[in-house]
1. Taking the Cβ of residue 61 as the center, what net charge do the other residues with Cβ under 14 Å away carry, scoring Lys and Arg +1 and Asp and Glu -1?
2. Once every DSSP H run of n ≥ 4 in the chain is given -39500 (n - 2.57) and the sum is divided by its residues, what mean residue ellipticity at 222 nm do you get, rounded to the nearest 500 deg cm²/dmol?
3. If I stretch the segment between residue 93 and residue 26 completely, what's the gain in nm (0.36 nm per residue apart, minus their alpha carbon distance), one decimal?
4. When the label point is put 7 Å from the Cα of residue 86 along its Cα-to-beta-carbon vector, which residues of segment 44-65 have a backbone N closer than 19 Å?
5. Considering only 26, 66, 80, whose Cα is most displaced toward the positive end of the charge dipole of the chain, charges sitting on Cβ of Lys, Arg (+1) and Asp, Glu (-1)?
6. With charges only on Cβ, +1 for K and R and -1 for D and E, what is the dipole size of the chain about its Cα centre, in debye, rounded to 20?
7. Can you work out the accessible area per residue across the chain, with the rest of the protein chains kept in place, probe 1.4 Å, in square angstrom?
8. Expressed as cubic angstrom per residue, what is the convex hull volume of the alpha carbon set of the chain?
Amino acid sequence: MQRWVEYAVDEEPLICTRTRAVNTLTPPSFAVPLNACDAHVHVFGPLARYRPVPHPHYTLPDGDLGKLDAMARALQLQRFVIVQPSFYGTDNSCMLDALDLP
């Protein structure tokens, strides 16, 4: 039987730093394989539309879908896996909206 341990969380959330500008990323020095994939990325939306959990562990990052797309193009990645961030708890609407693109 697995035991779950509850960890104490600081009162103050971690303050997220701004996402690096895409022009500061180092492009790959090798030929990126076709269909290369970043296997763990998050997407965050505007606070007015997507509400965080009552006491998030960190502040809202500036990682919207446009930044993810720019990063993927700069690093020559054609695929990525969007993972639900703890910031939204079990409300998957931001991630589902990101997946619902034409």
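1. Details: positive: 18, 20, 67; negative: 62, 64.
Neighbour charge sum, excluding residue 61 itself: +1.
2. Working: 2 runs with 17 residues, N = 102.
Taking each H run of at least 4 residues, the total per residue is -4500 deg cm²/dmol.
3. Values: separation 67, 0.36 × 67 = 24.12 nm, distance 3.21 nm.
Full extension from residue 93 to residue 26 adds 20.9 nm.
4. 44-45, 51-63
5. Final value for the positive-end residue is 26.
6. Numbers: 8 positive and 11 negative charges, 69 e Å.
Once rounded to the nearest 20, the dipole reads 340 debye.
7. Per-residue value: 79 Å².
8. Details: hull volume 17.3 nm³, N = 102.
Roughly 170 Å³ of hull volume per residue.
The values are calculated or read from the model by the stated rules, or taken from the named source; none is laboratory data. Predicted, not measured: the structure shown is a model, and the values here were computed from it. Cβ sites come from the backbone with ideal geometry, for glycine too, and all protein chains shown count toward neighbours. Protein only, heavy atoms only, side chains kept; ligands, DNA and RNA dropped before computing areas. Shrake-Rupley method; radii C 1.70, N 1.55, O 1.52, S 1.80 Å.
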